[in-house]
Amino acid sequence: MNGPPDAGNTDNNENYVLDAWIQGLGEKARARITTLVSGLVSRLGAPGPDEATGRENAAGLDDKVRALLGGLVKNLEDNPSAGKWLARLLEQLGDGPLEKMVENFFFNVTYESFAIRRDYQARNGLLPPITVVINPTMRCNLKCSGCYAWNFSKKDMDYSLLKQLLEELRDLGVRFITVSGGEPLLYPYLDDMLQDFNDMIFMSYSNGILIDDKMADKIAGYGNFWPALSVEGYEEETDKRRGPGVYKKVLEAMDRLRKRGVMFGFSATPVRNNSDILATDEFVDSMIEQGCLFGWFFNYIPVGRSPDIELMPTPEQRDKLRQMSRRWISGKPIFLGDFWNDGPAAGGCLSASRYAYITVEGNVQPCTFVHFYTHNLRNSSFEEIWNSPFFEAIRQKQPYDDNLLRPCKIIDRPEVLKEVVEETGAMPSYPGADNILSDKKLRDFLKDYSERYGALADPAWEGPDYEEGKSVLVPFLGRINIWDFYGKRLHPRRPEKLQKADSQVRDAP
């Protein structure tokens, strides 16, 4: 191994950190990291790795490889659990899924798409989305309490429309697709989609019921389909919301996927009666033990025809999950996303600026939970819709608050949703979707909720987790200076005191 790092020598610094991490890997993972680096370097046309350690040779590093390795080093230095997560991935994934992870995610999504997106920005003045949520079917084999999916028509999307959409998204540099529903595994053209677009990654929310041995073999064979299986906690909580015996079937599905080396994770919806269970080390540890490599938390929010405000977690429960999420990112070997509490990591709200949501009918919503639209894919291209007045009105208001812990126009700044819908004439995606704007009881509840949560979020934003609203630890990026990293996006709200980054905070690459 190389000697201690020399602060004045970037190559030696990177090599030391990488060597230390590689030497700590198991034999299987150490062999695989050599293959991984070799594959990336080969694609980028740069010098190969050192055969002894698997690390890239310091001499002759081109800028592309240096950027990739530099990002890894920054993660290892800022967040040791990132290295533990990558070690788990190298040990657990099968050969096919690992190959797709390297080719489709590390190269196509992380590297190649970046260049396409930046070129688009230079020509059009805004970036295309990072991901798009598609709903190929709204049919489902469960009926979970509080689920908004039952508000949409129960049919499948024409594959010709879906294929046209995915081809356009690929040209825009969108290679990571989120699949929702309904139950995506019921879509009759799922195989066609995964075969026709095998250079993309499809992360899919699923209840897991249909993942028998045959389906698990198929998912492992494709390698580019990453299931996120829904749980509500443990057996009691999951079966109460999803039906008797569901939790056991989910664990069986996880076991099948783990044994086949599939990239998979979990998805959980904190509600008032399970949030305290989900916001525990024990729950996350149980998901890691089942083999989950990633997980998502989506606090219930009251959308749909007849939303139940009693299901929504209290402001105190939301803040408790935020606190735990900050601990987990640096202490658990798993990638976790806390959708409403990770505003600082994402630079605020993602809707209409980093992602969009496609209904089964082809309506394009700015967000999964904003059930309004102005255009349909049968009459407009995705790019036209991305540049539409509705989407632009949302972008112009982002971020909605100086405090990025209050990122949402539905539950944190509910007046914003009303404003953009009225300004642009956006239509409800189904009858009753506009209740969130017209129902006085619901609007009064959201106003009160936003004020109560704000009383907790404002002091948290000035606290040590965010270094007085300046920085945050982000998966895959390490610790970033928020106002520098998200620059132009946050500039309209940039406080004078943050014109220069604190000397203790390193700029993101």
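The values are calculated or read from the model by the stated rules, or taken from the named source; none is laboratory data. None of these values were measured; they are calculated from a predicted model. No Cβ is skipped: glycine too gets one built from the backbone with ideal geometry, and neighbour counts run over all protein chains shown. Accessible surface areas use protein heavy atoms only, side chains included; no ligands, DNA or RNA. Shrake-Rupley method; radii C 1.70, N 1.55, O 1.52, S 1.80 Å.
Points to keep in mind about this one:
- Accessible surface computed residue by residue for region 251-343, with neighbouring protein chains in place and a 1.4 Å probe, gives 33 Å² per residue.
- Here region 344-492 yields Rg over Rh of 1.00, to two decimals, using C-alpha coordinates and the Kirkwood radius.
- Formal net charge of residues neighbouring residue 128 (Cβ-Cβ distance under 13 Å; K, R +1; D, E -1): +2
- Using a Förster distance of 45 Å, the FRET efficiency for residue 381-residue 438 (Cβ separation, nearest 0.05): 0.90
- Contact order, relative form, for region 134-239: 26 percent (alpha carbon pairs under 8 Å, 6 or more residues apart, mean separation divided by residue count).
- Peptides 161-170, 376-385, ordered by how many other C-beta atoms sit within 10 Å of their residues on average, highest first, read 161-170, 376-385.
- A crude spin-label estimate for the pair residue 141 and residue 155, with each label 7 Å from Cα along the Cβ direction, gives 2.4 nm.
- J(HN,Hα) series, region 179-184, from Karplus relation 6.51 cos²θ - 1.76 cosθ + 1.60, nearest Hz, glycine and proline x: 10, 10, x, x, 9, x
- Where a label projected 7 Å from the Cα of residue 213 along Cα→Cβ would reach, residues of region 244-261 with amide N under 20 Å: 248-261
- Whole-percent carbon and sulfur share, accessible surface of region 303-431, 1.4 Å: 49 percent
- Relative contact order of region 249-361, defined on C-alpha pairs under 8 angstrom at six or more residues apart (%): 26 percent
- Other-chain or far-sequence residues with amide H under 5 Å of residue 337's (modelled H): 295, 296, 297
- Shape of region 450-493, Cα gyration tensor, a/c cut at 1.5: oblate
- What region 355-503 shows is 42 Å² of accessible area per residue, with the surface traced by a 1.4 Å probe over protein heavy atoms.
- Whole-Å distance, taken between Cα centres, linking region 80-130 and region 178-207: 18 Å
- With Cα atoms defining each centre, region 456-480 and region 311-390 are spaced 19 Å apart in the structure.
- Using the Karplus relation 6.51 cos²θ - 1.76 cosθ + 1.60 with θ = phi - 60°, the per-residue 3J(HN,Hα) values for region 330-343 come to 9, x, 10, x, 7, 7, 10, x, 10, 4, 8, 9, 9, x Hz, with x marking Gly and Pro.
- Label separation (residue 316 vs residue 415): 2.8 nm, computed from points 7 Å beyond Cα along the C-beta direction.
- Solvent-accessible ranking of 316, 236, largest area first, probe 1.4 Å: 236, 316
- Region 166-226, accessible surface, carbon-and-sulfur percent (1.4 angstrom probe): 43 percent
- With each label modelled as a point 7 angstrom along the Cα→C-beta vector, the residue 195-residue 423 pair spans 4.7 nm.
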